[in-house]
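For reference, the structure discussed in these notes is given below.
The values are calculated or read from the model by the stated rules, or taken from the named source; none is laboratory data. If you're wondering where the values come from, they're calculated on a predicted model, not measured in any experiment. When we count neighbours, we look across all protein chains shown, and the Cβ atoms used for this are built from the backbone with ideal geometry, even at glycine.
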Amino acid sequence: MEMSSKLLEKAVAEISLLPGIGKRTALRLALHLLRQPAEQTTLLAEALQKMRNDIQFCSSCHNISDTKLCDICTNNLRDASLVCVVEDVRDVMAIENTGLFRGIYHVLGGKISPMDGIGPSQLNIVTLIEKVKAGTVKELIFALSSTMEGDTTNFYIYKQVKDHGVITSAIARGIGVGDELEFADEVTLGRSILHRVPFENSLRSI
């Protein structure tokens with residue numbers, strides 16, 4: 001794509017690196033910013049830089065946070081003995097949007113996937129097992145996407161905790177096989193949490 005400005009070309013190239021953004025969309029966004037007051041672009045740049053430099057990951061659940069512990073983990077109205085295990089911070093946001101879950105979360109940061117070179121040691125599994133062994137967790141809800149990798153990850157964690165007196169459950173299969181949680185509608189996702197089933201029962205469908 002030929003452009004009369006190298007500065008514009010550089011901006012478009014950087015914007016197009018964002019997921020789901022092609023060169024044409026990147027050009028449209030860059031031209032839009034050029035038409036806005038300079039201070040608006042400055043505010044956007046400052047917000048992005050501050051987010052990148054200052055955002056943290058909760059030391060307890062690994063959710064994104066502005067402080068060492070996230071707002072969910074420090075909320076006394078949440079049931080800290082009920083832990084929902086998810087793959088990604090986007091899944092936390094999706095479940096929170098349902099307004100139906102009052103426990104806390106544990107973000108793994110991915111799924112076990114030998115094909116991609118991702119094993120248990122690359123995920124936040126050790127800290128989850130430590131919570132269970134400490135006796136602070138009564139129930140783990142497995143809320144990973146219903147893919148082979150998700151089921152493998154669920155089963156791996158289940159084997160690590162099954163002898164520690166913790167209840168293990170899985171979200172109901174209202175979520176289609178192969179679907180990602182972040183794309184599920186709020187009603188379906190909320191019902192899947194409420195109507196979760198014992199994890200041992202879910203093994204029969206694997």
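Some notes on this structure:
- Against the list (1) surrounded by 14 or more Cβ atoms within 10 Å (Cβ to Cβ); (2) of a type in the set (A, V, I, L, M, F, W, C); (3) in a helix (DSSP H, G or I); (4) outside the structural domain of I141 (by TED's automatic domain parsing), the condition C61 fails is (3).
- Checked against the criterion of being in contact with an Asp or Glu (Cβ under 9 Å, 6 or more places away or on another chain), within 18 Å of S81 (Cα to Cα) and buried (at least 21 other Cβ atoms within 10 Å of the Cβ), the candidates I104, I141 yield just one match: I104.
- Residue match in the range 70-81 (condition: without any contact (Cβ under 8 Å) to a residue 40 or more places away in the chain and among the small types (G, A, S)): no
- Residues considered: G135, G99, G109. Of these, the only one that is touching a residue at least 60 places away in the same chain (Cβ under 8 Å) and at positive phi is G99.
- Residue among L33, L18 that is outside the structural domain of I129 (by TED's automatic domain parsing), more than 30 Å from L128 (Cβ to Cβ) and part of a helix (DSSP H, G or I): L33
Conditions tested, residue by residue: (1) modelled with pLDDT of 95 or more; (2) in the same structural domain as V166 (by TED's automatic domain parsing); (3) polar (S, T, N, Q).
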site: L123; (1), (2), (3): yes, yes, no
site: T127; (1), (2), (3): yes, yes, yes
site: L140; (1), (2), (3): yes, yes, no
site: S145; (1), (2), (3): no, yes, yes
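- Neighbours by Cβ (under 7 Å, 6+ apart or cross-chain): first from the range 162-175, within 19 Å of H106 (Cβ to Cβ) and assigned to a strand (DSSP E or B); second β-branched (V, I, T) and modelled with pLDDT under 70: S169/V197; A170/V197
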